[in-house]
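Have a look at the structure below, then the notes.
The values are calculated or read from the model by the stated rules, or taken from the named source; none is laboratory data. If you're wondering where the values come from, they're calculated on a predicted model, not measured in any experiment. When we count neighbours, we look across all protein chains shown, and the Cβ atoms used for this are built from the backbone with ideal geometry, even at glycine. Surface accessibility is based on the protein's heavy atoms, side chains included, excluding ligands, DNA and RNA. Shrake-Rupley method; radii C 1.70, N 1.55, O 1.52, S 1.80 Å.
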Amino acid sequence: MSGHEPVGRRTFVVGAGAALFAGGAMSEAQATVVDGPLPDFHPALKDELTFPLAWGRSPIRDFRAWRRAARAKVEELLVVDREERTAYDPEFGRGAQADSFTRELVTLSLTRYERVRGALLTPHGPGPFPAVLLLHDHGAKFDIGKEKLVRPWYDDTRLASAQAWADRYFSGRFVGDELARRGYVVLALDALGWSDRGPITYDQQQALASNLYNLGSSLAGLMAREDARAAAFLAGLDRVDRRRIAAVGFSMGAYRAWQTAALSDHIAAAASVGWMTGLKEMMVPGNNTLRGQSAYYMLHPGLVRHLDIPDVASIAAPRPMLFFNGALDPLFPAAGVRMAYDRLRAVWRSCHAEEALLLRTWPDLGHVFVDRMQDEVLRWLDAVLEPGPQQQPGPAVSPARA
């Protein structure tokens, strides 16, 4: 190898894999990676992903049967046990009055392992009220979680941090407070690693995920289970109209919102702002997902051998769903958003429920949830959660064709 730089261990291993995959002899020219840790044979791996359980590709032709099978596959690959029967045993405290609603801290058991503290907002009046499970983003900012969306009346230090975050992404608003003023009960809880359940640092995420895997659990699976349990907790509150519960979130919270709608029948509608794409379109050089770290909160090993990202979201069909993305959002390439929207539209159309699906790309916006987007989400929630019978999964329908 005279006259050449020595090949590092990671480059050698990746290049060796490429040579073996191609069936040829290994050479230095093959010992490459693409833009960091993406292996040079990644196009071949993507070609092998056909998502055979997707609606329209699956041999299951009855939509209700498909929903059961697809949800069961997702449930299986979350790793974390589904049967969590621990009592919530909520403790309420540290309340405060706002202009038209009451603020409370609530501590409850989402799992048998840990008590979690959240913010609960309740409108003034007799109730029962519609409710929103409000799911916070990632943002690589761990000192605040629920406080990104609900004004932290209980902590001045967190209030300063939360206001700066609201100014950056939410036009200075606290989305949870806006919802409560509009007449919604709001529940916001911390995911593992944020606020009261942290804070961790950015470079600890991968270790946290691997340690959970080594303990027979999953970071992403735990978050999914906890969010579904939180939806069930909301549905059990006397102050809540259990037929009118929505999941709402931005960024990672948007992912959590449609995922919770897919896994929980307690969710009647979901609004997801800033997280929808196709898997193949996201796994391209330069994308943030390639860094690892944050990706582990949304990584269910083996799931993409069966379902693409919009296929999982489609388990929630034909319930009302809203998806917003910014055309200038660097995290989600336009091709991936278009593909995902086309896929979602085909599924809802096959259920004769296309009017229940709102898809929009905002041409002048990036990765934000600003006031005009919030106002449109609020109007949409008022419409789809109006009192009356809620839309339920319909009769058997013809499969959507991709």
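When you go through 341, 297 one by one, which is the residue that is crowded, with 20+ Cβ neighbours inside 10 Å, over 20 Å from residue 134 (Cα atoms), out of contact with any Asp or Glu (no Cβ under 9 Å at 6 or more places or on another chain) and among the hydroxyl-bearing types (Ser, Thr, Tyr)?
341
Without any contact (Cβ under 8 Å) to a residue 12 or more places away in the chain and either more than 23 Å from the chain's Cα centre (by Cα) or closer than 27 Å to residue 317 by Cα (or both) - does that describe any residue in the range 103-118?
No.
When both residues are 6+ apart or on different chains and their Cβ atoms are under 6 Å apart, which pairs have a first residue that lies in the range 37-54 and is touching a residue at least 12 places away in the same chain (Cβ under 8 Å), and a second that is open to solvent by 80 Å² or more (accessible area, probe 1.4 Å)?
Qualifying pairs under 6 Å: 41/21.
Taking into account only those residues within the range 211-236 that are of a type outside the set (A, V, I, L, M) and under 19 Å from the mean Cα position of the chain (by Cα), which is surrounded by the most Cβ atoms within 10 Å (Cβ to Cβ)?
It comes out as 227.
Just checking, which of 239, 173 is open to solvent by 10 Å² or more (accessible area, probe 1.4 Å) and closer than 25 Å to residue 107 by Cβ?
239
Can you pull out the residues in the range 136-175 that are part of a helix (DSSP H, G or I) and farther than 20 Å from residue 248 by Cα?
156, 157, 158, 159, 160, 161, 164
If you scan the range 317-367, which residues turn out to be polar (S, T, N, Q) and closer than 18 Å to residue 257 by Cβ?
If the condition is that a residue be polar (S, T, N, Q) and closer than 18 Å to residue 257 by Cβ, then 325, 361 are the ones that fit.
Out of 86, 122, 102, I need the residue that is touching a strand residue (DSSP E or B) at 6+ places or on another chain (Cβ under 6 Å), in a strand (DSSP E or B), surrounded by fewer than 20 Cβ atoms within 10 Å (Cβ to Cβ) and among the β-branched types (Val, Ile, Thr). Which one?
From the options 86, 122, 102, the qualifying one is 102.
Go through the range 344-357 and give me each residue that's surrounded by fewer than 19 Cβ atoms within 10 Å (Cβ to Cβ) and under 17 Å from residue 271 (Cα atoms).
Within the range 344-357, 345, 354, 355, 356 qualify.
Yes or no: residue 203 among the acidic types (Asp, Glu), assigned to a helix (DSSP H, G or I) and open to solvent by less than 10 Å² (accessible area, probe 1.4 Å)?
no
Return only the number of the condition from (1) polar (S, T, N, Q); (2) surrounded by fewer than 19 Cβ atoms within 10 Å (Cβ to Cβ); (3) at pLDDT 95 or above; (4) within 28 Å of residue 210 (Cβ to Cβ) that residue 361 does not satisfy.
(4)
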